[in-house]
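Okay, so here's the structure we're looking at.
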Amino acid sequence: AQTVTQSQPEMSVQEAETVTLSCTYDTSESDYYLFWYKQPPSRQMILVIRQEAYKQQNATENRFSVNFQKAAKSFSLKISDSQLGDAAMYFCAYRSRSGTYKYIFGTGTRLKVLA
Amino acid sequence: EPEVTQTPSHQVTQMGQEVILRCVPISNHLYFYWYRQILGQKVEFLVSFYNNEISEKSEIFDDQFSVERPDGSNFTLKIRSTKLEDSAMYFCASKGQINNEQFFGPGTRLTVL
């Protein structure tokens, strides 16, 4: 069975600085998807970024980028130029390429942005 | 932009009572999911639903739980006889045929007293 681990329960970053959130996972599959979701205090989860495992190039969405290390089974999220609105719970999620497409989530990292 | 909606936003019930949580997925989506998040814990998969039947369910999804898509738009989660440990945030999600990601609703907070 697949597992997802987020070892940082909480992180803080100064506004305008850069922060990296860690995520590792375990799977025997060779093809899958990885996601980062943001859950602000309003509680609705919003997709931040996704990565297809077969792509070697790291995904980037504006200030958000990932460092995907397939051999190490690591999928970290880098947030550049942090803004107050980035404060939220961040969940890393794994999804198989086939099957029911269910997500397996990590335990989350709470990000605080300091003014 | 289309979005997943859920009602009610908060439901309080007595232990042993039945509750129905409602979701309206994005209209052209084909895959539907329920997840739950006990306060302070991770989001856990409950059940997936495709082609009018359950495609996968977790160990949490026991005989007390059921899902239904009664009218082609709503997607409901029923808990037959609630227990204290069912208190959690319940999220509905849907996915289209082409999208790789799931779209989540805002959640229903269920409190069992």
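Tabulated values for the structure
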read-out: Where Rh is the Kirkwood radius over Cα pairs, Rg/Rh for chain A; value: 0.96
read-out: Relative contact order (percent, whole number), chain B, Cα cutoff 8 Å, 6+ residue spacing; value: 38
read-out: The range A:41-68 residues near the modelled A:S74 label - backbone nitrogen below 11 Å, point 7 Å along Cα→Cβ; value: A:67-68
read-out: Spin-label pair A:F64/B:Q97, simplified geometry with 7 Å Cα→Cβ offset, distance in nm; value: 2.8
read-out: Sequence-distant residues sharing a close amide H with B:L46 (under 5 Å, placed H); value: B:W34, B:Y35, B:R36
read-out: Selection of chymotrypsin sites (Phe, Trp or Tyr not before Pro), the range A:49-115, meeting DSSP coil and at most 16 other Cβ within 10 Å; value: A:Y54
read-out: Local electrostatic count, A:Y101, Cβ distance below 10 Å [Lys/Arg +1, Asp/Glu -1]; value: +2
read-out: Cubic angstrom per residue, convex hull over Cα atoms of chain B; value: 102
read-out: Alpha-carbon Rg/Rh ratio, for the protein assembly as shown, with Rh computed the Kirkwood way; value: 0.97
read-out: Greater than 24 Å apart at Cα, pairs in A:K55/B:K42; A:K38/A:K73; A:K38/B:K83; value: A:K55/B:K42; A:K38/B:K83
read-out: Antiparallel bridge percentage (DSSP; both residues within the protein assembly as shown; nearest 5); value: 90
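No lab work stands behind these numbers, since they all come straight from the coordinates. Nothing here was measured: the structure is a model prediction, and the numbers come from that model. Backbone-built Cβ (ideal geometry, glycine too); neighbour counts: all protein chains shown.
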